[in-house]
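One structure is given here, and the rest of the page talks about it.
The values are calculated or read from the model by the stated rules, or taken from the named source; none is laboratory data. The model shown is predicted, which means the values in this text are computed figures rather than measured ones. All Cβ positions, even for glycine, are placed from backbone atoms using ideal geometry, and neighbour counts span all protein chains on display.
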Amino acid sequence: HQLIVVQNDFRGKKILITAGGTKEAIDPVRYIGNRSSGKMGYALASAAAARGATVTLISGPTNLKAACGIKVEYVEAASDMRAAVLAHYNESDIVIKAAAVADYRPQSTAEHKIKKTGDTLQLVLERNPDILLELGQLKKQQMLIGFAAETQQLVLHAQEKLAKKNLDMIIANDVSVPGVGFNADHNIAKVLYRDGRIEELSKMSKEHMANIILDKILAECRK
Ligand code: CTP
Ligand code: CA
């Protein structure tokens, strides 16, 4: 006989997860985007739902399909993601921001398709709202987990984000390593906590990493 263990360790917990990259419209047919696949966020959503959590997934455009039982809201631009996240924030126990949010958007979106006239084209970009920073400022009971994508000084930059955004935990990954992280099936990361602890997560599938991250979140909740 095979023993099937059903984990229900997240039963009763409401988890809000963001995933994927945002798209910022330049004109009706063009946008500014990034290489995020959404895999890490979707893996976290599936794992949390399988462990009994009530999951709301706010997803940028991806090629992925959410597991059944997960409530998904699809968004495009960072400003839409912000509105969707804020609408669910108060009721959430745990918030995991795995999305790759565009830092800038075109200052204006052209009403019509931009024609190729000049030899060069200049786009003026303006800052997007930092959703996670806002969540940190509004934080009450929520446990707040961020991601940090870095190509240099991983720990230093991740520590700065953890403090500035008032997070409980940040998962930092080096996006310059080929074959892992951004748009890949595997990930390598460091987990940083408010008290200065740093834990290493060796190369593993995003599905496996999702469950390890959830284990760590639960351990922090129980403190
Ligand atoms: N984030 C967000 N809203 C933004 C930008 C980022 O909520 N406008 C969140 C991301 O979802 C992630 C965390 O903030 O969980 C860190 O994102 P990252 O791009 O690594 O850091 P930034 O604060 O944007 O700083 P920079 O890109 O300059 O390193
Ligand atoms: Ca950024």
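Quick one: in segment 79-99, of everything that is within 12 Å of GLU24 (Cα to Cα) and out of contact with any helix residue (DSSP H, G or I) (no Cβ under 9 Å at 6 or more places or on another chain), which residue is nearest to ligand 2 (Cβ to nearest atom)? Spell out how you get there, then give the answer.
Filtering segment 79-99 down to residues within 12 Å of GLU24 (Cα to Cα) leaves 79-81.
In the following step, the residues that additionally are out of contact with any helix residue (DSSP H, G or I) (no Cβ under 9 Å at 6 or more places or on another chain) were identified as 79-80.
Details: SER79: 15, ASP80: 17 Å.
Taking the candidates together, the pick is SER79.
Tally up the residues in segment 61-79 that are in contact (Cβ under 8 Å) with a residue 40 or more places away in the chain and closer than 22 Å to LEU138 by Cβ, please.
Residues in segment 61-79 being in contact (Cβ under 8 Å) with a residue 40 or more places away in the chain and closer than 22 Å to LEU138 by Cβ: 4 in total.
Can you tell me which residue within segment 160-188, out of those that are away from ligand 1 (no atom under 12 Å from the Cβ) and over 18 Å from ALA19 (Cα atoms), is surrounded by the most Cβ atoms within 10 Å (Cβ to Cβ)?
By that ranking, first place goes to ASP168.
Near ligand 1 (Cβ under 9 Å from one of its atoms), touching a Lys or Arg at 6+ places or on another chain (Cβ under 8 Å) and either assigned to a strand (DSSP E or B) or without any contact (Cβ under 8 Å) to a residue 12 or more places away in the chain (or both) - does that describe any residue in segment 129-146? Let's see the steps before the verdict.
Here is the first cut: in segment 129-146, the residues near ligand 1 (Cβ under 9 Å from one of its atoms) are 129-135, 145-146.
Subset that is touching a Lys or Arg at 6+ places or on another chain (Cβ under 8 Å): 129-135, 145-146.
Pick out the ones that are also either assigned to a strand (DSSP E or B) or without any contact (Cβ under 8 Å) to a residue 12 or more places away in the chain (or both) and you get 145-146.
Yes, there is a match, as at least one residue in segment 129-146 is near ligand 1 (Cβ under 9 Å from one of its atoms), touching a Lys or Arg at 6+ places or on another chain (Cβ under 8 Å) and either assigned to a strand (DSSP E or B) or without any contact (Cβ under 8 Å) to a residue 12 or more places away in the chain (or both).
Assess whether GLY196 counts as being assigned to a loop (DSSP other than H, G, I, E, B) and at pLDDT 95 or above.
When the stated conditions are applied, GLY196 passes them.
Evaluate segment 78-87: report whether one residue or more is surrounded by 15 or more Cβ atoms within 10 Å (Cβ to Cβ), assigned to a strand (DSSP E or B) and not hydrophobic (A, V, I, L, M, F, W, C).
Looking for residues that are surrounded by 15 or more Cβ atoms within 10 Å (Cβ to Cβ), assigned to a strand (DSSP E or B) and not hydrophobic (A, V, I, L, M, F, W, C), one finds none in segment 78-87, hence no.
So that you can scan it fast, the table gives a plain yes or no per residue for (1) within 16 Å of ligand 2 (Cβ to nearest atom); (2) loosely packed, with under 14 Cβ neighbours inside 10 Å; (3) among the basic types (Lys, Arg):
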residue	(1), (2), (3)
VAL101	yes, no, no
ARG105	yes, no, yes
LYS116	no, yes, yes
THR120	no, yes, no
ASN128	yes, no, no
